[in-house]
Every structure is written in C-alpha cells, then in structure tokens.
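Just so it is clear, none of the values below were taken in a lab; they were calculated from the coordinates. Predicted, not measured: the structure shown is a model, and the values here were computed from it. Note that we place each Cβ from the backbone using ideal geometry, even for glycine, and neighbour counts take in every protein chain shown.
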Amino acid sequence: MSSVTPTPHELQPQIIIAGVTPGQTAAYDALVAFGESDPDGFWLNEAKRITWTQDPTRASTSSFTGDVRIRWFEDGRLNASVSCLDRHLKERADQPALIWEGETDGDRRTLTYRELHTQVSRTANALRSLGVKKGDRVAIHLPMVAEGLISMLACARIGAPHVVMFGGFSPEGISERLVDSGAVAVITADTARRGSKRIPHKTAIDQALKHAGTIGAVRNVIVVTVTGDEVPMKDGRDIRFTDLIKNQSADCEPEIMNAEDPLFLLYTSGSTGKPKAIVHATGGYMVWASYTFGTVYPQEPGDVHWCTADIAWITGHSCVVYGPLANGTTTLMYEGLPSWPRAGRWWDIIQRNRVTSLFTAPTAIRALMREGDDFPGTFDLSSLRSLGTAGEPISADAWMWYYEVIGKSRAAVIDTWWQTETAGIILGPVVGATPMKPGSATKPLPGIGVVVTDDKGNVLEGAAEGCFCITTSWPGQARTIWQDHKRFRETYFTFSEGKYFTGDGVRRDEDGYYWITGRMDDVINVSGHRIGTAEIEDAVAVDHRLAEAAAVGIQHDLKGQGIVVFVVTRASRSGVRPEDIAAVISRNVGRYAAPEKVYLVSELPKTRSGKIVRRLLRKIAEGQTGEFGDLSSLADTSVVDTLIADVARQNQSENV
Ligand code: WT7
C-alpha cells in the first residue's frame, strides 16, 4: 500500500448511484434497445416532440461516405418558432417563458409565453418590413439580453437563418464572418456591460462594415438600447430596435420551411485560420434540441432552467433558447459576470428564482470554487435538482465540489459532451438511470452510436483509449460548412471511413464509460472557447516585423487551457515587444484569445518537411526542460536548447 495520504476526493466512491431507480434504468435500457434495433422508428417517434405542419414519413437518409450527405425528416415541413411558442399558448400562455436578470441589481424582466410570442412576432414583422426574406442571413451580435433570444426566434419565424456572433470577436473577426455568411442585416447593441467595463458593440459593427467594404451585403444595422450610451447612427442604414418594432403587428404568419432548410449558421474554429460556419437544418435540429434537452434535463411544471452560456455558442442556442422553449419550460438568462458586483451573485439568482437546473462550464466552476464554500453556503440552493457542465473536461475535484457544495450531494451532476457540430448532447447521463462517475461524461444517449478508434481509424473494443468517432448520423448533425462542403467532408469524414471524427481523444473504461482527454487537432480550448492555433498565427502574421509564429495551448488552472505564442522576428527585430504581439492578437482575433505569454525566439522546432512540432513547444511552454521523448522527426535538434535558453531568459527578465 502507498503511504501517501489520499486527498478527500480519492476517498469518494468512484461511482455515485444516488437517485438511480430500477424503473428508470429499465426504461432507459428499453430506449437504447429501440434506438439500436429500429433507428428510423426511434427517431420518427422522437419527431413527435415538436409541431409539424406536415409530418415527416422518413427519418434519416444520410450517408457518411462518398460526397457525404446528411438529411433528416426530408418530407417534413415546419416552423421552429411554432414549436417554441405558438403551441404553448393553449396550455401555458401565462407561464414565464423567459426570466431575464440584468447585471445591475434589481434589473429584471419576465416574459410569459404569450408576451414572448408577441415580442417575437413583432420583431419578425419588423425584419420583414426591412425586406428580410426567407433564406436571407441575419447576424445577431448582442450581449445577454432578452432581445438576443427574441431576435433568434424572430429570424426562425421568417425563415431567415440567424448567425449569432460572440461579443468578444474583434471587428476584423466580425467582418470576416459578415462577408462569409452574406448577412443582410445585423442586430447589435449600443454597448454592453461587463463588470465595471463597457464593451463597444455598435462601433465594432461600424468598424467591421468599413472593413468589409463593398463585399459585405449588410443593408441595415438594428441597434438595441442596452446601456443607453451614445453611439453614432448612420442615416438610412441604422435603426433603433424599439423604433423598428413600435408599430408592428403582434400577428406574424410563420414561414413554413422544409425540414432541411437551414435554421442557423454558427461559426466555430478548426485547424485552419479561417473560421467555419456550421450549418444546422430546421427539422432535425428542432427534434434533436428538444430530445437531448428533454432527456438530460427532464422538466416539471414550475421548473426554471438556467444555462449560463452566451447565446453566441451552441450551448446557448440549444440550452438557453431552443431546447428549453421546445420543452415548454422557463429559461433564465443572466446578463453579467459570475461574481459581479459581488461574489455570490449566481447563488442569489438561484435562490430568488428557485432555479431547478443549472448548466455551466468547468471554467466557471473553477472560478467559483476559488471564492470558497462560504458564499454558496449562505444561500438556499435546495431548489437545484441537476447541475450541468460541458465545454471542457472537468476534473474529479471540481466535479466533487459542484456535487457536494452546490448540490449538497442531492442534485445530479450532468457532465455532457458535445460540439457546435453535434448541436446537442452526445454523451451524458440520464438522471435516474445512469450512475455517475466524477469526471466522466458517462455514455452516449439512446439512439447514438460512438466508437473509440486507434490513430489509423480502426475500431477498438472494450476498455481502450484513442480517437472519438460517431458511427451513424443523428438528427442535429451539422449538414455542411457554409459554402465549403469539401472542407466539411475532409475535416470530419476522411479520418475513419464511414465515421464522423469529433477531433477529440477519449478513453473508455471497463464499464463502458467515456472520459474525454481533449482535442487531438490544433484547436485550443480556452474557458470553453474554441480557438484554432492557425487563427492566432495568421493574426500575428499581419505584423511585418515578424517572420513566423506558433501558438500552443498549455494547462491553465482557471481557463482549462491558456495560449502561449512563440514568435520569430525578422532579422532586425528592433522594437518588437511581447505585449505588442499580445495586443495584435486581441485586436485581430478577439479579447478571449489574449495569450498568457509571448516568447520571442530565434527559431521554431520543425520537422524535415517543415511542419512545426507543437508538441515540443507545448512542453517547453509548460516549463519542461528535458525528457521530450522521441525528437528524431526534428530537422535540427539543436533548436531545443536554443528554445529553452530563449524562454528561460525571458522568464528571468520578467522576474527582475
Ligand atoms: C469541444 C467542442 C458543449 C458544447 C459547447 C462547446 C470540448 C465539450 C466537453 C465535455 C470534455 C468537452 C471538446 C469538444 N468539450 N464538452 N463534457 N468534456 N470536453 O462546443 O465550442 O464546439 O467545442 O469542446 O473538445 O470537441 P464547441
């Protein structure tokens, strides 16, 4: 036996069976069996969760081989907003659909299903009055305000795919996405609150549009008054949201869409510098968002679900907007930061609104853990039944803290694994049926088939570690990358013939539980935000004083991963400072991509074919000075010592 004293979480039972009942386990097993034996029947049955104008008669007609074709419920017709709003009016018109909590104390807004239906209809009519038609793309660039959710549903109502953009994107980043998506209108805010700071929204759009020049298709900029800060308005192009919807009718005939018509585009990062717009289709997405949310977070009358994700991420789309509303529950949106204006802000919101399910990211859990147990201890959190987490691997430590301190060992911790491309939960526990293991996203939901492969794409059986692939299509699967089907096929379907490759590494244990080990490609996950190393490197490349750059992700206590950039300057490196490079990255990519550290080095480690060996850079960035493993692929091994010396010198000079 080891003489080391175990840390408390190691003393915890590895499996937490709390709340699992034989009845629910049997129902779950039956569902898994149904999904395996008759996938078509299974999904046509789940399709009944939503409202169709014309019911689909077929489920999937997808193929992962050849040109790759993902299609679901092809002959079905529907409007997504009807499933989120209209059909609830009979039973729950006066139930809150949305509770919005502002960052400023006491700033609160509740919209019942009837009120939300009215707001969405008026906004949809307003967009139509500007000439926005079915198929036109509309960009939404807002902080966490009710108008964000309203605008998304208004777009859905008129069949105009929305493209929600994160407030942290740089004007260059926004411009690139506006041009690529061909958006005809942008819905933005004057400015946004972020703790004591103000984030420019309208002026960022102005800059982005200037940048896009004549290649952009934007005709109108609609400005939501969030802070009341003065912003320039351009005659004929810019219009206030309130002015626009003022005289609009509260009746808006929904556009009836084919199941395969796109509902939205959402940008995410991959291995190249160019962000890709993932395309999701109306029918499949709605069934999937409703199924995954409703299965993992079953709602009861009076429940309040709070997903803290920004609506600009897939989590916001599926777990703030479409999933909760399709399930007829109350969704809560919070404008601000977790600990603003004081620690305990989140717990106060939970107590006051009797939140029943909370869904957040490990990065937030780690930050809240740091504040200590006293804050949550002083609030009544007894309403909480489920505690969700997603976006990055969660350590057993953080998991246990969430379970014990927030959930008082009563609420289930729900670690769910998914992606922008999957649009909904692929791995996750079903409360009452799946025993939990701290740190594992457990098992695939019924109807889903996943495998572990070796690095050649061969399927591994039993307990194994390797690459995480999905074997058959699911309704919410991305249909394509906007205007780049080739990239779609090559990114996801060439790794292992006939399978979708997620880009993640995974371990499967003896009990068939999955443990995600992180990205296997050149994508860094900073606080749950995906950033491609190439995006950072391209941004740095615009500075002509620099020869080349390599970005790597290193372990970070709070953010999960932090960014470290190695930069080689041109011969006359006079005047280049690491902080200038950090500023270039923040400006060109966005604040969320600000690096932890920038090292100016004489050269980068490369293979004989010229590929940067990031694995080595990562180790050096994490402070390792030896035991680098097999370096035979390096063109020149002397680079290792030079790099270590360069890094040490700069770390040294910082300490004086
Ligand atoms: C990547 C997708 C949850 C959707 C929001 C993120 C990582 C996601 C987990 C988890 C470990 C996770 C993966 C994935 N990831 N959930 N529960 N455990 N890693 O969507 O921005 O498209 O990022 O996030 O690496 O590939 P996204």
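Measuring how big segment 204-293 is from its alpha-carbon positions, Rg and Dmax come out at 17.8, 47 Å. Listed by chain and number, the lysines whose C-alpha is less than 28 Å from the C-alpha of LYS443, apart from same-chain residues fewer than 8 away, are LYS48, LYS408, LYS456, LYS499, LYS559. Karplus-based coupling profile of segment 229-243, in residue order and whole Hz: 4, 4, 9, x, 10, 9, 4, x, 10, 9, 8, 6, 3, 5, 5, with θ = phi - 60° in 6.51 cos²θ - 1.76 cosθ + 1.60 and x standing for Gly or Pro. The HN-Hα couplings worked out from phi for segment 97-110 by the Karplus form 6.51 cos²θ - 1.76 cosθ + 1.60 (θ = phi - 60°) are 8, 10, 10, 10, 10, x, 6, 6, 3, x, 7, 8, 8, 10 Hz, whole numbers, x standing for Gly and Pro. Taking trypsin sites (Lys or Arg not before Pro) across segment 143-221, the ones in a DSSP loop with at most 16 further Cβ atoms lying within 10 angstrom of their Cβ are ARG219. Prolate is the label for segment 509-551, because the ratio a/c of its alpha-carbon gyration tensor axes (a ≥ b ≥ c) is 1.5 or higher and a/b is greater than b/c.
Going 7 Å from the Cα of ARG49 toward and past its Cβ, which residues in segment 415-439 have a backbone nitrogen under 19 Å from where you end up? Counting only backbone N, you get 415-434. For segment 506-522, the Karplus equation 6.51 cos²θ - 1.76 cosθ + 1.60, evaluated at θ = phi - 60°, returns couplings of 8, 10, 10, 8, 4, 8, x, 8, 9, 10, 6, 9, x, 5, 9, 9, 8 Hz by residue, with Gly and Pro reported as x. Rg/Rh, computed from the Cα trace of segment 308-349 with Rh as the Kirkwood radius, has the value 1.05.
Once you reduce segment 527-579 and segment 42-117 to the center of their Cα atoms, the two points are 41 Å from each other. Counting only the Cα atoms, segment 275-388 fills a convex hull of 109 Å³ per residue.
Counting only the backbone N, which residues of segment 531-572 are under 16 Å from the spot 7 Å out from the Cα of GLU603 toward its beta-carbon? In segment 531-572, the label zone of GLU603 (backbone N under 16 Å from the point 7 Å along Cα→Cβ) covers 547-550, 567-571. Across all directions, the average flat footprint of the convex hull enclosing the Cα atoms of segment 522-655 is 8.1 nm².
Would you mind calculating the gained length between ALA648 and ARG69 on full extension (0.36 nm times residue separation, minus the Cα-Cα distance), in nm to one decimal?
Length gained between ALA648 and ARG69: 203.3 nm.
Segment 58-159: percent of C-alpha pairs farther apart than 21 Å? The calculated P(r) of segment 58-159 puts 50 percent of pairs beyond 21 Å. Over all projection directions, the Cα-based convex hull of segment 444-521 averages an area of 5.4 nm². Full extension of the chain between ARG354 and LYS408 yields a length gain of 17.9 nm, computed as 0.36 nm times the residue separation minus the alpha carbon distance. Taking a ≥ b ≥ c as the square roots of the eigenvalues of the alpha carbon gyration tensor, segment 117-174 is oblate, as a/c is not under 1.5 and a/b does not beat b/c. A cysteine counts as unpartnered when no other cysteine's C-beta lies under 4.7 Å of its own; in the chain this applies to CYS84, CYS155, CYS252, CYS467, CYS469. Cross-link reach is defined here as a Cα-Cα straight distance under 22 Å, omitting same-chain residues fewer than 8 places apart; for LYS202 the lysines meeting it are LYS210, LYS234, LYS246.
Under 5 Å from the amide H of ILE140 lie the amide H atoms of VAL163, VAL164, MET165, ILE187, each residue being 5 or more positions distant or on a separate chain, with H modelled from the backbone and absent for Pro and chain starts. From its DSSP helices (H runs of at least four residues, each -39,500 (n - 2.57)), the chain gives a residue-normalised ellipticity at 222 nm of -8500 deg cm²/dmol. Its residue count N fixes a reference of 2.2 N^0.38 Å for the chain, and the Cα radius of gyration divided by that reference is 0.95.
Spatially, segment 449-501 and segment 209-281 are offset by 32 Å when compared through their Cα centroids. Between THR625 and ALA583, the distance separating the two model label sites (each 7 Å from Cα on the Cα→Cβ line) works out to 3.3 nm.
For the pair ALA93 and SER249, a Förster radius of 22 Å applied to the C-beta separation gives a FRET efficiency near 0.75, rounded to the nearest 0.05. Listed from fewest to most Cβ neighbours within 10 Å, the set PHE493, PHE468 follows the order PHE493, PHE468.
Pull out the extension gain between ASP105 and THR272, defined as 0.36 nm times the separation in residues minus the alpha carbon to alpha carbon distance; nm, one decimal. Can you show the working numbers first?
Numbers: separation 167, 0.36 × 167 = 60.12 nm, distance 4.25 nm.
Length difference between fully extended and current span is 55.9 nm.
Would you please classify the overall shape of segment 134-217 from the alpha carbon gyration tensor, given that a ≥ b ≥ c denote the square roots of the eigenvalues, rounded means a/c under 1.5, and beyond that prolate means a/b larger than b/c while oblate covers the rest? Since a/c reaches 1.5 but b/c is at least a/b, the shape of segment 134-217 is classed as oblate. For segment 441-507, the list of GluC sites (Glu not before Pro) that fall in a loop by DSSP and count at most 13 other C-beta atoms within 10 angstrom reads GLU461, GLU497.
Amide H contacts for GLU260 (H built 1.01 Å from N in the peptide plane; partners 5 or more residues away or on another chain; cut-off under 5 Å): GLY283. In this structure, the amide hydrogen of ILE414, modeled 1.01 Å from its nitrogen in the peptide plane, lies closer than 5 angstrom to those of LEU387, GLY388, THR389, counting only residues at least 5 positions away or on a different chain.
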